[in-house]
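The structure appears right after this line, and notes come after that.
The values are calculated or read from the model by the stated rules, or taken from the named source; none is laboratory data. Everything numeric here is computed off the predicted structure, so don't read it as measured data. For neighbour counting, all protein chains shown are included, and Cβ atoms are generated from backbone atoms with ideal geometry for every residue, glycine included. Areas reflect the complete protein model, heavy atoms only, side chains present, ligands, DNA and RNA absent. Shrake-Rupley method; radii C 1.70, N 1.55, O 1.52, S 1.80 Å.
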Amino acid sequence: SVDLLFELGTPKKRRMWNVWTPAGQKDRIGSEPLLLLSALCRGLRTEEALHAAVFGDTDASPEQFRKAVFNLRDLLQRCLGRSGKDLLPEVVSPDPLRLDPGLRIVGMVSIDSLRIGP
């Protein structure tokens, strides 16, 4: 019993990927939110570390960090039909972000999508 299942190949701009829920809902989601989700599923991260893991940009603004977390919450809310803030609670920096511990997420992710840089 999985709450969310997704696939992510090598990300490309405007490319959409499949996401499924147990209720049979299938959706198409862009690469960026799925990269954020896969990075967070690999380990606890602060907003800054999550942004750097996906975008490789360590000099991003606090607004860019917040936007990345907003996009991740939006993905979870859209797919699971629950509040994004319940699924990914707000934290005070430098505490790490944590998904709801009851969530069961499975992702098929291309190794190429997990590497930063050329």
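Summary of computed values
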item: Whole-angstrom gap from segment 61-118 to segment 8-23, using each part's C-alpha centre; result: 15 Å
item: Of all DSSP beta bridges in segment 1-107, antiparallel share, percent nearest 5; result: 75 percent
item: Label point 7 Å beyond Cα of Asp100 along Cβ direction - residues of segment 59-92 with amide nitrogen under 19 Å; result: 69-91
item: Sequence of Lys13, Lys26 from largest to smallest accessible area, 1.4 Å probe; result: Lys13, Lys26
item: Proximal lysines relative to Lys85, as straight alpha-carbon distance under 25 Å, when same-chain residues fewer than 8 apart are discounted; result: Lys26, Lys67
item: Modelled FRET efficiency - R0 30 Å, Asp74 with Trp20, Cβ distances, 0.05 increments; result: 0.95
item: Net charge, Ser31 excluded, C-beta distance under 10 Å - Lys, Arg +1, Asp, Glu -1; result: +3
item: Mean separation of Cα contacts under 8 Å, 6 or more apart, over the residue count of the chain: relative contact order %; result: 34 percent
item: The chain: Cα Rg divided by the 2.2 N^0.38 Å rule of thumb; result: 1.00
